[in-house]
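First the structure, in the form of structure tokens, and then the observations on it.
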Amino acid sequence: MEQHAVDQLKAIAKINRTYPSSEMSRREKLERWAEVLEHDAGRSLSTLHETEYQPAAMRAAMRDDGTAISVAFADPVLRAAGLENDTYGEAKRFFELTDRQLHRLVCFCHFGGHVSAGTVAPHMRSMAARENNGIIARLAAFFGQ
């Protein structure tokens, strides 16, 4: 996939700022992210290194090609819903995650340098289920039921 800076995209793309963005709940956003990852479950994703040790400003700016966050940003549905870029800070804001939750999904210390998309997706579903459901719903989401 070819990457472009936002300024470059503005120069080559027609941007319709009046196009209504799709309103999605936190749960719907996380479920969509999991679906996008499951679509190519064998895909190897890069992780971010030591997110928990970075100062807040540096952590917010962290990004890399091929991460779970960049996969989410490549999805037109999530972008239409308001995902603005593929940084750690934007993922935290858009998906309404705590640092601890996002760290669990994208950090090197949990998966090593790379992780399959299919491994990360159940963790997202589990976080989505925690929003307003009990342990049974979380287990069902984690095991794909």
Kindly establish whether Leu37 is out of contact with any Phe, Trp or Tyr (no Cβ under 9 Å at 6 or more places or on another chain), under 14 Å from Arg125 (Cα atoms) and part of a loop (DSSP other than H, G, I, E, B). no
State which residue is surrounded by the most Cβ atoms within 10 Å (Cβ to Cβ) when the search covers only the stretch 92-108 and only residues that are within 10 Å of the chain's Cα centre (by Cα) and either closer than 13 Å to Glu50 by Cβ or of a type in the set (Lys, Arg) (or both). Val106
Test set (1) under 21 Å from Thr119 (Cα atoms); (2) surrounded by fewer than 18 Cβ atoms within 10 Å (Cβ to Cβ); (3) modelled with pLDDT of 95 or more - Ala61 fails condition number: (1)
Restricting to the stretch 40-86, name every residue that is part of a helix (DSSP H, G or I), out of contact with any Ser or Thr (no Cβ under 6 Å at 6 or more places or on another chain) and among the basic types (Lys, Arg). Arg79
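Could you look through the stretch 32-54, keep only residues that are closer than 12 Å to Cys107 by Cα and under 15 Å from the mean Cα position of the chain (by Cα), and pick out the one that is surrounded by the most Cβ atoms within 10 Å (Cβ to Cβ)? Steps first, answer last, please.
Initially, the stretch 32-54 is screened for residues closer than 12 Å to Cys107 by Cα, giving 45-54.
From what is left, the residues that are under 15 Å from the mean Cα position of the chain (by Cα) are 45-48, 51.
Details: Leu45: 24, Ser46: 19, Thr47: 22, Leu48: 22, Thr51: 21.
Among residues in the stretch 32-54 that are closer than 12 Å to Cys107 by Cα and under 15 Å from the mean Cα position of the chain (by Cα), the one surrounded by the most Cβ atoms within 10 Å (Cβ to Cβ) is Leu45.
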Any residue at all in the stretch 105-117 that is in a helix (DSSP H, G or I), without any contact (Cβ under 8 Å) to a residue 24 or more places away in the chain and not hydrophobic (A, V, I, L, M, F, W, C)? no
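The values are calculated or read from the model by the stated rules, or taken from the named source; none is laboratory data. If you're wondering where the values come from, they're calculated on a predicted model, not measured in any experiment. Ideal geometry is used to build each Cβ from the backbone, glycine not excepted, and the neighbour counts take in all protein chains shown.
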